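Participant: Sending over a structure as structure tokens; questions will come in a sec.
Readers should treat all values here as calculations from the given coordinates under stated rules, not as data from a laboratory. All of these numbers come straight from a predicted model, not from anything done at the bench. Counting neighbours? That spans all protein chains shown, and the Cβs are built from the backbone with ideal geometry, glycine included.
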Amino acid sequence: MSETPLKFDLPPGFNLNFRMVGTVVLIVFAIVGVLTSVYTVPAESVGVVMRFGKAVNEVEPGLRFKLPYKIDRVIRVPVKRQLKQEFGFSTPNASNPTQGATDPNRETLMVTGDLNSALVEWILQYRIVRPTEFLFNVRGPGETLRDVSESIMREVVGDRTVDEVITIGRQGIEAEALSKMQDLVNKYELGLTIDQVQLKDVNPPQPVQSSFDEVNKAQQEREKLINMANGEYNKVIPRARGKAGRQIQEAQGYRTQRINESEGDANRFNALLAEYSKAPEVTRRRLYLESMSVVLSRVKSKVIFDKDAQGVLPLLQLNAGKGNQ
């Protein structure tokens, strides 16, 4: 059988112009090349330029150019944005695909050092500082960071008692977890820096929640009573010390006064004795007069009469009667 050649019949009036078709194809090719060679990098990001699948450059924010036709491909990495991951809960509509917890119950349930259980929720805040390392050193860097954070948190919580985890040990757990996470991230060369590890809610398991609440209430009551006792102690003790100091000072002042008075009396007696030895009669009379002046100055009513006088009693009776009115 002989083969019949194919024939294409063109519509009447149609004149195929290959030069025009080639021109149109070149124009379309040029437009596509221009459109695929211009790109922008947001202000908070850095662009990692990929050429045939290999990272060749990191470009700063702004309007940039690259080789067209998907020869160069740009991955924008938000290096100036603080990212976070949540463990034990999830924020709805989060922009970071690895931000929320995939299995909250599994992540939060931990065993403490005293073989008790605790439900621990925490937040990890981090930033990308080396975009090329973040993209290519580890497969799935976001998931790897979640695994690192969960592993370190279980290790840190496992070294403490349940009372420390729930009450007084939160800051120590956050600081230790931050340090260990950063060391492991550097070892894996993830290109990240850990800014903060923050414990959100730490609670005992639901079956023993009421018992822990009673224990916490008793501890708070104890702390309240201790603070009240310390306040009373700080109020009473300084007052007693001040009173004791004042009494000591008064006693010391009285002691000094009595010593000075005794020394003065002794010196006065010695002076009188010296004068008495020189003129006994004159000194004796002077002492008598001085003593009488002191005694008489304390008497309210005085009657002076001659020892031979008589008829004084009526006057004394009149004065006594007048004084009783």
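Participant: So for the range 83-208, taking the charge dipole from beta-carbon charges (+1 Lys/Arg, -1 Asp/Glu), which of 204, 162, 181 sits furthest toward the positive end?
Facilitator: Result: 181.
Participant: Against the longest alpha carbon principal axis of the chain, how many degrees, from 0 to 90 and to the nearest 10, is the axis of helix 170-188 turned?
Facilitator: 30 degrees
Participant: Who wins for biggest fluctuation among 134, 269, 52 in a Gaussian network model of the chain, springs between alpha carbons below 10 Å?
Facilitator: Sorting by GNM fluctuation, first place goes to 269.
Participant: Given 80/180; 54/187; 200/235, which pairs have Cα atoms separated by over 31 Å?
Facilitator: Violating the 31 Å Cα-Cα cut-off are 200/235.
Participant: Could you tell me the relative contact order of the range 18-77? Use alpha-carbon pairs under 8 Å, at least six residues apart, and round to a whole percent.
Facilitator: 36 percent
Participant: While we're looking at this one, here's another question. Using θ = phi - 60° and the Karplus relation 6.51 cos²θ - 1.76 cosθ + 1.60, list the HN-Hα couplings for the range 285-298 in order, rounded to whole Hz, with x at every Gly or Pro.
Facilitator: Couplings: 5, 5, 5, 5, 5, 5, 5, 5, 5, 6, 5, 5, 5, 8 Hz.
Participant: Mind ordering 181-190, 161-170 by average Cβ neighbours within 10 Å, highest first?
Facilitator: Order by mean packing, descending: 161-170, 181-190.
Participant: Also: Where Lys and Arg each count +1 and Asp and Glu each count -1, what net charge lies around residue 79 among other residues with Cβ under 9 Å from its Cβ?
Facilitator: Around residue 79, the surrounding residues sum to +3.
Participant: Mind checking the full-extension length gain between residue 71 and residue 293? Use 0.36 nm per residue of separation minus the Cα-Cα distance, one decimal, nm.
Facilitator: Result: 66.8 nm gained on full extension.
Participant: Once the Cα atoms of the range 200-246 are picked out, what are the Rg and Dmax in Å?
Facilitator: 18.9, 61
Participant: Let me ask you something else. Please give the net charge around residue 111, taking every other residue with its beta carbon less than 15 angstrom from that of residue 111, where Lys and Arg add +1 and Asp and Glu add -1.
Facilitator: -4
Participant: How long, wide and thick is the range 83-208, going by the Cα atoms along their three principal axes, in whole angstroms, largest first?
Facilitator: 47, 30, 20
Participant: Net charge near residue 122: determine it from the other residues with C-beta under 12 Å of the C-beta of residue 122, scoring Lys and Arg +1 and Asp and Glu -1.
Facilitator: Overall, the nearby charge balance is -1.
Participant: Still on this model: Work out the charge dipole of the range 18-77 with +1 on the Cβ of Lys and Arg and -1 on the Cβ of Asp and Glu about the Cα centre, then indicate which of 67, 39, 23 is farthest towards its positive end.
Facilitator: 23
Participant: Still on this model: For the chain, modelled as a Gaussian network with Cα springs under 10 Å, which listed residue fluctuates most, 100, 245, 140?
Facilitator: Residue with maximal mean-square fluctuation among 100, 245, 140: 245.
Participant: Specify the residue with the greatest mean-square fluctuation among 281, 232, 86, computed from a Gaussian network of the chain linking alpha-carbon atoms under 10 Å apart.
Facilitator: Evaluated over the chain, the most mobile residue of the options is 281.
Participant: Show me, for the range 207-218, the HN-Hα J-couplings you get by feeding each phi into the Karplus relation (A = 6.51, B = -1.76, C = 1.60, θ = phi - 60°), rounded to Hz, glycine and proline as x.
Facilitator: Computed from phi, the couplings for the range 207-218 are x, 10, 4, 5, 5, 5, 5, 5, 5, 4, 5, 5 Hz.
Participant: If amide H atoms are built 1.01 Å from N in the plane of the peptide, which residues on other chains or at least 5 residues away come under 5 Å of the amide H of residue 195?
Facilitator: 125, 126, 127
Participant: For residue 46, which sequence-distant residues (separation of 5 or more, or a different chain) have an amide H within less than 5 Å of its own amide H, given hydrogens modelled in the peptide plane?
Facilitator: Correct list: 77, 79.
Participant: Starting from the amide H of residue 74, placed 1.01 Å from N in the peptide plane, find each other amide H under 5 Å away whose residue is 5 or more places distant or on another chain.
Facilitator: For residue 74, whose amide H was placed from the backbone, the distant partners under 5 Å are 50.
Participant: In whole Hz, with x marking every Gly and Pro, tabulate ³J(HN,Hα) for the range 241-254 from phi via Karplus 6.51 cos²θ - 1.76 cosθ + 1.60, θ = phi - 60°.
Facilitator: 5, x, 5, 5, x, 5, 5, 5, 5, 5, 5, 5, x, 5
Participant: A further question on this structure: Mind checking the dipole of the range 83-208: about its Cα centre, +1 per Lys or Arg Cβ, -1 per Asp or Glu Cβ, Debye to the nearest 20?
Facilitator: 340 debye
Participant: Bin width 20 Å, origin at 0, all Cα-Cα pairs of the chain: what percent of pairs per bin?
Facilitator: Spelled out bin by bin, the chain gives 17, 22, 16, 12, 11, 12, 6, 2, 2, 0 percent.
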